[in-house]
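What follows is a set of notes on a single structure, which appears directly below.
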Amino acid sequence: MSIEQFSQLGLSENILKSIRDANYQKPSPIQQRAIPAILQGRDIFGCAQTGTGKTAAFALPIMQKLETSGNFPRPLQFRALILTPTRELAEQIGANISMYGKHLNLSYCKAYGGVSLKPQIRALSIGVDILVATPGRLLDLFNQKKLSFDGVEYLVLDEADRMLDMGFLPDIRKICSQLPNKRQSLLFSATMSEEIEKLARSIVINPLKISIDPDKPTVEKIDQKVAMLESLDKYNFLTELLLPHADEKDFLALVFCRTKHGASKLAKRLSKSGISADAIHGDKSQSARQRALGKFKDHNIRVLVATDIAARGIDVKNMNMVVNYDLPDEVETYVHRIGRTARAEASGEAVSLCTRDNIQDFSAIEKFIKLDIPLYTNTQYHSENVFELIKKNRAFRAKMAKKNPQQQPRKIKDKEFSAEILYGERRPSVYMEKPKFNAGSPSKKGKKFDNKQRSKSPQKSFAKPQKQNSFGKQNKPAFQQKTKTQKPMRPQKQKRIRKNFVSN
Ligand code: AMP
């Protein structure tokens with residue numbers, strides 16, 4: 001049965017007020033399923049992409065439970081940990097949390113790299129209700145003894161697939177080994193794989209599995225086009241595409257590049273050609289990245305040139321166009337990229353540049369999304385030779401599909417509505433006030449707790465503030481007991497790998 005209203009989900013009046021402020025009319029499919037289950041204390045294993053409303057799906061019920069429990073965080077502790085792969089995503093989740101928490105008395109803090117540690121240390125020193133963090137910075141703070149995992153009641157692992165791609169698995173394992181066994185865990189991933197399932201088995205217990213149509217990428221309502229070009233014409237084509245919009249204040253285009261250097265160079269070239277642009281990538285300082293993103297969101301530049309990692313989690317309202325200047329290495333990334341547009345009920349446009357160097361990459365994308373992407377014809381740079389090669393691949397795929405009808409390519413229905421993508425007004429974020437309370441000193445010894453199997457409902461009573469929640473760590477699974485005695489340091493090698501990804 002479809003739930004038409006947020007008020008049917010068991011959310012409190014204060015949360016409902018924030019939802020009304022955010023102008024959300026109806027809970028999305030993932031919200032309809034996840035919110036009641038999380039309120040009941042169940043673990044969740046969700047397969048959903050950005051754009052499905054999953055942030056609200058996990059944040060709203062957790063915030064309600066934190067608010068109504070009557071507990072407060074102790075110094076150095078936090079009660080809900082939201083782990084995200086990138087800084088931008090952490091920023092975005094933080095902005096959502098402050099929007100949803102407008103009428104609640106909760107505190108939150110973001111902890112990610114590339115910015116000063118001091119404000120994060122200061123916030124943690126008194127304790128926060130919600131900590132949104134990237135794994136690297138979280139472990140840095142932990143190693144410096146600036147935080148304790150002992151008070152965690154809720155764990156959210158967001159974009160788990162991306163975390164694995166970025167080499168965060170050892171960090172995640174280390175973090176999980178430090179968490180109290182008695183907690184509620186929610187794991188979300190945009191894609192499913194054996195690795196993700198394996199990770200989920202070690203994190204969530206008897207979870208409610210929610211899958212928001214994982215096999216059908218949310219690409220239907222995006223007007224996708226491909227330009228067949230010779231390599232040397234790529235830049236000319238891009239200016240031909242973007243120049244007509246150079247003076248349109250409402251026009252925003254996100255252009256994806258493969259490398260950081262390429263992104264910077266392209267942004268400079270575009271600016272010289274009269275198309276205002278800036279770049280966002282891992283070689284830029286966090287403040288420069290935020291400045292560029294801010295200029296873009298405020299419509300002070302027309303084009304943001306980005307690498308994949310930096311663009312992850314960017315949620316800009318009314319983005320008109322995504323351009324794949326360089327095609328992505330992985331087919332799933334194509335779906336993530338074009339999903340940046342066509343939000344907020346706007347019809348989005350995604351234009352990919354295909355040259356003879358990446359025929360195979362492009363064909364892999366078409367195979368993955370089961371779609372022959374229509375040709376961008378309105379250009380003087382069209383290369384029939386490149387198109388011929390693509391046509392051959394398509395003919396081969398069609399032949400194979402005849403043998404297996406499920407592989408039939410789908411035809412694009414013009415601006416078809418896709419129920420999986422949600423739209424919403426993004427409101428300016430409002431920072432919550434820290435609740436006033438007398439926090440006790442951090443206690444290392446938790447109460448004894450029989451946790452042969454973790455309780456599914458960590459908050460059984462509405463405890464008074466002085467009855468602090470502090471869970472023991474007995475009877476941990478074997479791998480956790482082992483790591484407890486280890487110094488929580490990342491091996492240098494892993495550190496290097498992760499750094500490479502983060503700085504992409
Ligand atoms: P997410 O998938 O969490 O990144 O959310 C994508 C966008 O949808 C964000 O801008 C949210 O503010 C918005 N959103 C989330 N839930 C709803 C809803 N029920 N109705 C309308 N917009 C929503």
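Please give every one of the aspartates and glutamates within straight-line cross-link reach of residue 268, meaning a C-alpha to C-alpha distance under 14 Å, and leave out same-chain neighbours fewer than 8 residues apart.
Straight-line reach from residue 268, under 14 Å: 278.
Using the heavy atoms of the protein chains alone and a 1.4 angstrom probe, what is the accessible area of segment 110-242 per residue in square angstrom? Could the numbers behind the result be given before it?
Values: 4170 Å² over 133 residues.
Value returned for segment 110-242: 31 Å² of accessible area per residue.
Among 115, 132, 60, flag the residue with its Cα farthest along the positive direction of the charge dipole of segment 1-158, charges on Cβ as +1 for Lys/Arg and -1 for Asp/Glu.
115
Given a 1.4 angstrom probe, I'd like the percentage of the accessible area of segment 1-138 that is carbon and sulfur, rounded to a whole number. Could the numbers behind the result be given before it?
Details: 2090 of 4090 Å².
Solvent-exposed carbon and sulfur of segment 1-138 make up 51 percent of the total.
Is segment 58-113 best put as rounded, prolate or oblate by its Cα gyration tensor, with a ≥ b ≥ c the root eigenvalues, rounded for a/c under 1.5, and otherwise prolate when a/b is larger than b/c, oblate when not? Could the numbers behind the result be given before it?
Working: a/c = 2.10, a/b = 1.39, b/c = 1.51.
It is oblate, given that a/c is not under 1.5 and a/b is not larger than b/c.
Take the alpha carbon gyration tensor of segment 1-152, find the square roots of its eigenvalues, order them as a ≥ b ≥ c, and report rounded if a/c is under 1.5; if not, report prolate when a/b exceeds b/c, else oblate.
prolate
Could you rank the peptides 239-252, 20-33 by their average count of other C-beta atoms within 10 Å per residue, with the highest value first?
Peptide ranking by packing, descending: 20-33, 239-252.
With unit charges on the beta carbon (Lys/Arg positive, Asp/Glu negative), name the residue among 142, 154, 181 whose Cα is farthest towards the positive pole of the charge dipole of segment 118-203.
After comparing all options, I get 142.
Accessible area of segment 264-326 with a 1.4 Å probe: how many percent of it is carbon plus sulfur?
44 percent
The values are calculated or read from the model by the stated rules, or taken from the named source; none is laboratory data. Given the structure is predicted, the values throughout are model-derived calculations rather than measurements. Counting neighbours? That spans all protein chains shown, and the Cβs are built from the backbone with ideal geometry, glycine included. Heavy atoms of the whole protein, side chains included, go into the accessibility calculation; ligands, DNA and RNA do not. Shrake-Rupley method; radii C 1.70, N 1.55, O 1.52, S 1.80 Å.
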